[in-house]
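In what follows, a single structure is set out as structure tokens and then discussed.
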Amino acid sequence: MSPVSPTVPVALAVGRILIGLLLTVSAYAKLATSRELQVADVAGYRLLPGRGPRAVAIALPAVELFLAGCLVLGGRLPITETITAVLLLALAGASVSVLARGIKADCGYFGSRLRWRVGPGVVAANVALAAVLVADLLVTPQRLVLASPGSNMVVIVLGIAMFFNLLTNWDKFRQPQPA
């Protein structure tokens, strides 16, 4: 008899898919936001020097969409879940840094759609989401995947989409803003 209830793998897989959908919404909200606001959200954390906030503002939506696609479709799950959990914990760490330094900053997770301030709730949400991914990775065999296990096709297609998303977002940052 397995020590894990049969519903746990399904619940964790549903959690993984919901996290992928959340990352998708977050990425598209960022892409719909003006470039100045995207950079301002990243710069508000005061962690990156020079052009670092601009580079992160360009790359983050594409990375989120890539990871979201892999989580939802089930492409290369062990590494995808690990990378996504590390990203979420890094965002939690950045938020803790902002709180510890007494900085008032918008988290920027959903672009201009929700202007949430960095606070304990943001930290807790990121840690909880990372915990779901780690639990799915460690506790259960992978369930509810649309891609065949070990398939590189999902990763290749999503990688190409990520590349074009990066180009589009980068081009948005290059174009002059209307006055």
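The values are calculated or read from the model by the stated rules, or taken from the named source; none is laboratory data. Being a predicted model, the structure only gives us computed values, none of them experimental. Don't worry about glycine lacking a Cβ; one is built from the backbone with ideal geometry, like all the others, and counts go over all protein chains shown. Each accessible area value is taken on the protein alone, full model and side chains, heavy atoms only, with ligands, DNA and RNA left out. Shrake-Rupley method; radii C 1.70, N 1.55, O 1.52, S 1.80 Å.
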What single numbered condition from (1) among the hydrophobic types (A, V, I, L, M, F, W, C); (2) surrounded by fewer than 22 Cβ atoms within 10 Å (Cβ to Cβ); (3) closer than 15 Å to Phe110 by Cβ; (4) at pLDDT below 90 fails to hold for Leu22? (4)
How many residues are over 22 Å from Leu166 (Cβ atoms) and not basic (Lys, Arg) when one looks only at region 20-48? 1
Only one of Leu146, Leu167 is within 30 Å of Ala43 (Cβ to Cβ), among the aliphatic types (A, V, I, L, M) and either crowded, with 19+ Cβ neighbours inside 10 Å or at pLDDT 65 or above (or both). Can you tell me which? Leu167
Ala57 fails exactly one of the following numbered conditions: (1) more than 19 Å from Val127 (Cβ to Cβ); (2) open to solvent by 20 Å² or more (accessible area, probe 1.4 Å). What is the number of that condition? (2)
Note on region 31-68: residues farther than 18 Å from Ala92 by Cα, under 11 Å from the mean Cα position of the chain (by Cα) and not aliphatic (A, V, I, L, M) are Phe66
I'd like to check something: does region 4-16 contain any residue that is surrounded by 14 or more Cβ atoms within 10 Å (Cβ to Cβ) and within 19 Å of Val122 (Cβ to Cβ)? yes
Select from region 25-48 the residues that are of a type in the set (A, V, I, L, M, F, W, C) and open to solvent by 70 Å² or more (accessible area, probe 1.4 Å) and list them in ascending order. Val25, Leu47, Leu48
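For (1) modelled with pLDDT of 70 or more; (2) of a type in the set (Asp, Glu); (3) under 16 Å from Leu23 (Cβ atoms), each residue gets a yes or a no:
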residue: Ala135; (1), (2), (3): yes, no, no
residue: Pro141; (1), (2), (3): no, no, no
residue: Leu158; (1), (2), (3): yes, no, yes
residue: Gln175; (1), (2), (3): no, no, no
